[in-house]
There are 2 protein chains.
Amino acid sequence: MSLDAVLAQIDTTLPAALDRLMALLRIPSISTDPAFKADCDRAADWLVADLQSLGFDAAKRPTPGHPMVVAHGGTGGPHLLFYGHYDVQPVDPLALWDRDPFDPQLQDTPKGQVIRARGASDDKGQLMTFLEALRAWKAVHGTLPCRLTIFLEGEEESGSPSLIPFLQENAAELRADIALICDTGLFQDTAPAIVTMLRGLLGEEITIHAANKDLHSGMFGGLARNPIHVLASILARMHDDTGHITIPGFYEGVSELPDAIRAQWQNLAFDHAKFLGDVGLSLPAGEQDRTPLEMIWARPTAEVNGILGGYTGDGFKTVLPAQARAKVSFRLVGTQDPAAISASFRQWVRDQLPADCTATFTEHGGSPAGVMQITHPAFEAARAALGEEWGRAAAYVGCGGSIPIAGYFKTHLGMDAMLLGFGRDDDQIHSPNEKYDLECFHKGIRSWARLLEKLA
Amino acid sequence: MSLDAVLAQIDTTLPAALDRLMALLRIPSISTDPAFKADCDRAADWLVADLQSLGFDAAKRPTPGHPMVVAHGGTGGPHLLFYGHYDVQPVDPLALWDRDPFDPQLQDTPKGQVIRARGASDDKGQLMTFLEALRAWKAVHGTLPCRLTIFLEGEEESGSPSLIPFLQENAAELRADIALICDTGLFQDTAPAIVTMLRGLLGEEITIHAANKDLHSGMFGGLARNPIHVLASILARMHDDTGHITIPGFYEGVSELPDAIRAQWQNLAFDHAKFLGDVGLSLPAGEQDRTPLEMIWARPTAEVNGILGGYTGDGFKTVLPAQARAKVSFRLVGTQDPAAISASFRQWVRDQLPADCTATFTEHGGSPAGVMQITHPAFEAARAALGEEWGRAAAYVGCGGSIPIAGYFKTHLGMDAMLLGFGRDDDQIHSPNEKYDLECFHKGIRSWARLLEKLA
C-alpha cells in the first residue's frame with residue numbers, strides 16, 4: 001500500500017507544491033529575448049536548489065546560451081531520464097493579458113481552478129509534476145524510487161541552439177534506459193495521451209531589401225520598388241489555392257499515414273468544429289484534401305509567424321520603406337530534411353526577386369520530425385498508470401508542435417523517449433493569459449507516482 | 001535699385017536667418033504622434049512671435065487638432081496669401097539618423113553646406129524663406145510690400161483633418177488674390193519649377209481578424225487560418241503583372257496627359273536611371289506601359305506604407321496571430337474620387353476574405369488631385385523672378401506628392417494657388433537624415449524678394 005501512502009502525501013501537500021510552482025513562475029525566464037538572460041539563469045538556480053533539497057547531486061551547467069540543469073540521484077533500475085524546460089515564451093501582446101504574466105495567481109473559473117501565468121503549462125507546471133511526485137515518494141520511502149537523471153533545458157522556446165553540442169559532450173553521463181518527456185497534453189482535455197508522432201520545425205527569417213533608404217511615397221511612389229509588395233507577393237505564392245505548399249521539393253520525405261494509425265485517429269472522433277470554434281474560427285484552412293487531425297498532426301506546414309515593414313505606429317506615414325521582413329516557420333513530418341528545405345526555400349525566394357531587390361536570411365533553428373518506438377515496456381506501464389489515474393484508456397497520439405528533444409535523444413544518445421503530459425487545449429500556451437489547470441497539476445503528480453511505482 | 005538693397009540685406013543677414021530656422025527646427029513638431037502635441041503647439045507659438053516681430057497681427061488659432069497660425073499685415077495690392085506647414089514627419093527609424101533629428105546642424109558636404117534636421121526641407125526651411133524675404137524687405141523699406149495673409153498649418157503630415165472646416169469657417173478672412181504655397185522643389189536640383197499638377201492622396205488602414213486570440217503554430221498550424229497569409233494574398237493581388245492596379249473602378253477619372261504637357265516633359269530630359277540609382281534602385285517598378293515621369297507625376301498608385309503582424313522582436317515565436325494589419329495609400333490623379341476609391345477598396349478586400357475572417361478599416365484622410373490654372377499674372381511674374389535668380393528658365397512641372405491645400409483653396413475659397421519651392425531630390429524628406437541646402441535657403445529667400453518686387 002505504499003502507492004496509496006505516496007498518493008495521500010501528494011494530496012495533503014498540494015498547497016506547498018503549488019507554492020513552489022508559483023515561485024518558479026515568478027521568474028520571467030524568456031529565453032528568446034536577451035534582456036531576460038539573468039532571469040533564465042535565476043530559474044536554473046532555483047531548480048538546482050530544489051533538486052538538491054530532494055537529495056540530487058544537481059548543478060547548473062554552462063552553455064554558450066542559457067544553462068542546462070543536470071541532476072543525478074537514486075539507485076536501482078531502471079535508469080530513467082526526465083526532461084523538461086524552464087524557459088518560457090515572450091509575453092507580447094502584453095495588453096491582452098488580464099494580469100502581470102509573471103505574477104502567478106490561482107483563479108476560480110467555470111471549469112475549475114487554474115494557475116494563471118506565462119509558463120504555467122509550458123513547461124514549468126508540467127516539469128514540476130515530476131519533481132513533486134519524487135518529493136512525495138521520498139517523504140514516504142525515504143529514498144528516490146530508482147536511478148534518476150533530471151535534465152532541464154533553458155532554450156526550448158528559442159530553437160535549442162546549445163542542446164545538440166551539450167548532448168554530444170555529455171552523452172555518457174546523460175544516457176539512461178529511457179527518457180520521460182513532459183511537455184505535451186491530454187487529448188481533448190480528458191483522455192491521457194502518449195505522443196508517438198511529433199512534427200519537426202524549421203524557422204527562417206527573410207528580409208527583402210530594395211532602395212538604400214526609406215523613400216517618400218509621393219516623390220518615388222509608382223516608380224520605385226516597394227519591398228513590402230515584393231515580400232507580400234512571395235509569401236502569397238507559398239501556398240496554392242488548395243493549401244499545398246509550392247516550394248520545390250518541400251514534400252520529399254512526407255509519407256501517408258499507416259492504416260493502423262489512421263483507424264486509431266478516426267476512433268478518437270476529433271471534433272474539429274469545436275476545436276476551431278473555441279478560438280473563433282470555423283473552416284479548416286490547410287491542405288483541403290486532408291482531415292483536420294492530419295492537418296495538425298501528420299502534415300507539414302509553412303506559416304508566417306511575423307511580418308514587419310514601413311511605418312506601423314499611430315497615424316500614417318507615406319513612406320516606401322527600404323526593407324521588409326518576415327519570420328516564417330515550417331512544421332515538418334516524416335523524414336523531411338530541415339537543411340534541404342531551408343536551402344530550397346531560400347533559393348525559391350531569390351528566384352522571385354526583381355533585379356533591384358536582394359534578400360537576406362537568418363535561421364532560427366531546425367529539427368526533423370520524430371516518430372517514437374513504442375517497444376520499451378515503459379510505454380505499456382505508462383498506459384496502465386495513466387488509465388488508472390484518469391479513469392479512461394490512454395491513447396497513442398500525434399502532436400503538431402515540435403518537441404525535437406525526443407529525436408535528439410535517439411540520434412545522439414541512442415535512447416528512446418516517451419512523451420506524456422497533462423496540458424489542455426485551452427491552456428493558451430504561447431498566447432496571453434496562459435494557464436494550467438490545478439486538476440492537471442494535481443493528477444499529473446499522481447500519474448507520475450503511479451508510473452514510478454510500476455517501473456521501480 | 002531697392003531690389004538690390006533688399007537682396008544685399010538678405011545676403012548680409014543670412015547668419016541670423018539661419019539661427020532663426022535652427023530655433024524652429026529644434027521643436028519636434030511631429031503632428032501624427034499624439035506624444036508631440038505640446039511641441040506642435042510650441043512651434044505655432046514660435047511662429048506667432050516671429051510674425052509679430054515683423055509687424056503682423058498674428059495669432060494661434062485653435063482647431064480640434066493642432067492649431068493654425070494666421071497673420072495679417074501690409075497694405076496695397078495685390079493681396080497675397082502665403083501657405084506653409086510647421087509640422088514634420090516622424091523620425092523612425094531613429095537608428096538610421098547620423099545625429100539627433102531635432103538638434104539641427106550646418107554641415108559641410110561634397111555638394112556644399114546643408115542644414116541637417118527633421119523638417120529642414122519639409123517644410124520649416126521652405127516656409128522661413130518667405131518670412132526672411134519679408135524681414136529683409138521691411139528692413140529696407142520700413143513696411144511690408146503689399147497686403148499679406150500668412151497661413152501656416154500644423155497637420156499637413158497627418159492628413160489635415162482640421163483644414164477644410166477651418167477654411168470654411170474663415171473663408172472671408174483668408175480669401176486673397178492668389179495663394180503662394182512653398183512646399184515643393186527644384187527640378188533635378190537646378191531648374192526652378194512651378195508645380196501645375198499635383199497628385200491627391202487617400203490613406204487606408206486595414207486589419208484582418210482571424211482567430212479570437214493568438215494561437216500556437218504547432219497546435220493549430222495547418223488547420224487554423226493565418227491572417228498574415230490572408231493579408232499578404234490580398235496585397236499581392238492589388239497589382240497585376242504589368243503594374244496596373246486591380247481594384248474595380250480605380251482608374252475612373254484618370255485621363256491621358258495633354259500633348260503639350262507631354263512634349264514639355266520630354267524636353268525636361270528626366271534622367272530616371274540617375275533618379276533611381278541615387279537611392280540604390282535601377283528598374284521603374286510601376287505601370288510598365290508608362291514613362292518614368294508619368295509614373296511619378298501623372299499616374300495613380302497603390303502602395304503599402306506599413307505592415308505588421310505576429311511576433312517581430314528578436315528571436316522567434318511560433319505564433320499564429322489573431323490579426324494582421326497594413327497601412328495602404330493611394331496617390332490620385334485627374335478627377336479620381338477619394339471617397340469612391342475608399343469604398344471600392346474596402347469592398348474589394350471584403351470580397352476576398354475567407355468565411356471565418358473579417359476586416360476592419362480606418363481612414364487616414366483623402367484629397368483629390370489638383371490641376372492648377374496658370375492664367376493669374378503671378379505665374380508669369382514668378383517664372384521671370386525665378387529665372388533671374390537661378391539663371392535658367394522656370395518650368396511648369398508635375399509633383400508626385402500630395403499637397404491638397406491648393407485644391408482646397410480653390411474649392412473652399414475660390415482662390416487660385418501657385419506652388420513653388422526650393423527643395424532638392426536628395427533632401428531625404430520623410431526619411432532619416434533630412435537636410436535643406438544652405439544655397440536653397442539663401443536663393444529661396446532672394447527668389448521671393450524678386451517676386452515681391454514684381455508683384456507689389
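The values are calculated or read from the model by the stated rules, or taken from the named source; none is laboratory data. Since the structure is predicted, the reported quantities are computational estimates derived from the model, not experimental observations. Quick reminder, even Gly has a Cβ in these numbers, built from the backbone with ideal geometry, and neighbours come from all protein chains shown.
Overview of values
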{"item": "Selected residue (only one of B:S121, B:S53 is within 25 Å of B:G423 (Cα to Cα), assigned by TED's automatic domain parsing to the domain that holds B:A16 and hydroxyl-bearing (S, T, Y))", "result": "B:S121"}
{"item": "Sole residue being more than 7 Å from every other protein chain (Cβ to nearest Cβ), small (G, A, S), surrounded by fewer than 20 Cβ atoms within 10 Å (Cβ to Cβ) and in contact (Cβ under 8 Å) with a residue 60 or more places away in the chain, chosen from A:A343, A:A359", "result": "A:A359"}
{"item": "Residue that is nearest to A:D351 (Cα to Cα) [pool: residues in the range A:236-253 that are facing chain B (nearest Cβ under 9 Å) and under 26 Å from the mean Cα position of the chain (by Cα)]", "result": "A:M238"}
{"item": "Pairs where the first residue, in the range B:316-327, is part of a strand (DSSP E or B) and the second is of a type in the set (V, I, T) and surrounded by fewer than 24 Cβ atoms within 10 Å (Cβ to Cβ), C-beta under 6 Å, 6+ apart", "result": "B:Q323/B:T207; B:R325/B:T207; B:A326/B:I206"}
{"item": "Residue satisfying all of: in the range B:362-394; of a type in the set (S, T, N, Q) and within 14 Å of chain A (Cβ to nearest Cβ); farthest from B:C440 (Cα to Cα) among these", "result": "B:T362"}
{"item": "Wholly within the range B:368-456, helices (runs of 4 or more DSSP H) carrying at least 1 residues that are hydroxyl-bearing (S, T, Y) and surrounded by 24 or more Cβ atoms within 10 Å (Cβ to Cβ)", "result": "B:438-455"}
{"item": "Filter result for B:I164 (of a type outside the set (S, T, Y) and in contact with a Lys or Arg (Cβ under 9 Å, 6 or more places away or on another chain))", "result": "no"}
{"item": "Entirely in the range B:107-196, the strands (runs of 3 or more DSSP E) that have 1 or more residues that are under 15 Å from B:A406 (Cα atoms) and either at pLDDT 95 or above or not aliphatic (A, V, I, L, M) (or both)", "result": "B:148-153, B:178-181"}
{"item": "Selection status of B:L24, out of contact with any Ser or Thr (no Cβ under 6 Å at 6 or more places or on another chain) and either touching a residue at least 12 places away in the same chain (Cβ under 8 Å) or within 14 Å of chain A (Cβ to nearest Cβ) (or both)", "result": "yes"}
{"item": "Members of the range A:362-402 found to be under 19 Å from A:G185 (Cβ atoms) and free of Cβ contacts under 8 Å to residues at least 12 places away in the same chain, listed by number", "result": "A:G391"}
{"item": "So B:G310, is it over 20 Å from A:S217 (Cβ atoms) and within 8 Å of chain A (Cβ to nearest Cβ)", "result": "yes"}
{"item": "Complete set of residues in the range B:1-32 that are of a type in the set (S, T, N, Q) and either part of a loop (DSSP other than H, G, I, E, B) or in contact with an Asp or Glu (Cβ under 9 Å, 6 or more places away or on another chain) (or both)", "result": "B:S2, B:T13, B:S29, B:S31, B:T32"}
{"item": "The range A:76-96, residues that are within 25 Å of A:S402 (Cα to Cα) and at pLDDT 95 or above", "result": "A:L80, A:L81, A:F82, A:Y83, A:G84, A:H85, A:Y86, A:D87, A:V88, A:Q89, A:P90, A:V91"}
{"item": "Subset of the range B:359-384 that is more than 22 Å from the chain's Cα centre (by Cα), in the same structural domain as B:F330 (by TED's automatic domain parsing) and not aliphatic (A, V, I, L, M) - its residue that is nearest to B:A211 (Cα to Cα)", "result": "B:T360"}
{"item": "Condition broken by B:A193, with the remaining ones in (1) more than 20 Å from B:D271 (Cβ to Cβ); (2) in contact with a Gly (Cβ under 8 Å, 6 or more places away or on another chain); (3) in contact (Cβ under 8 Å) with a residue 12 or more places away in the chain satisfied", "result": "(1)"}
{"item": "Selection from the range A:236-252 of residues that are in contact with a strand residue (DSSP E or B) (Cβ under 8 Å, 6 or more places away or on another chain), buried (at least 17 other Cβ atoms within 10 Å of the Cβ) and part of a loop (DSSP other than H, G, I, E, B)", "result": "A:M238, A:I247, A:F250"}
{"item": "Considering residues of the range A:169-204 that are under 17 Å from the mean Cα position of the chain (by Cα) and among the charged types (D, E, K, R) only, the residue farthest from the other protein chains (Cβ to nearest Cβ)", "result": "A:D183"}
{"item": "Test set (1) among the aromatic types (F, W, Y); (2) surrounded by fewer than 21 Cβ atoms within 10 Å (Cβ to Cβ); (3) more than 8 Å from chain B (Cβ to nearest Cβ) - A:W297 fails condition number", "result": "(2)"}
{"item": "Residues satisfying the stated conditions in the range B:79-132, i.e. within 14 Å of chain A (Cβ to nearest Cβ), over 15 Å from B:Y436 (Cβ atoms) and buried (at least 24 other Cβ atoms within 10 Å of the Cβ)", "result": "B:D87, B:P90"}
{"item": "Matching residues in the range B:222-231 - criterion: being out of contact with any Ser or Thr (no Cβ under 8 Å at 6 or more places or on another chain) and either not basic (K, R) or not assigned by TED's automatic domain parsing to the domain that holds B:R346 (or both)", "result": "B:L223, B:A224, B:N226, B:P227, B:I228, B:H229, B:V230, B:L231"}
{"item": "The lone exception for B:A285 - which of (1) of a type in the set (G, A, S); (2) touching a residue at least 24 places away in the same chain (Cβ under 8 Å); (3) in the same structural domain as B:E205 (by TED's automatic domain parsing) it fails", "result": "(3)"}
{"item": "Output for the range A:205-235, where each listed residue is assigned to a strand (DSSP E or B) and facing chain B (nearest Cβ under 7 Å)", "result": "A:L215, A:H216"}
{"item": "Qualifying positions in the range B:258-289 - in a loop (DSSP other than H, G, I, E, B) and either within 8 Å of chain A (Cβ to nearest Cβ) or buried (at least 20 other Cβ atoms within 10 Å of the Cβ) (or both)", "result": "B:V279, B:G280, B:L281, B:S282, B:L283, B:P284, B:A285, B:G286, B:E287"}
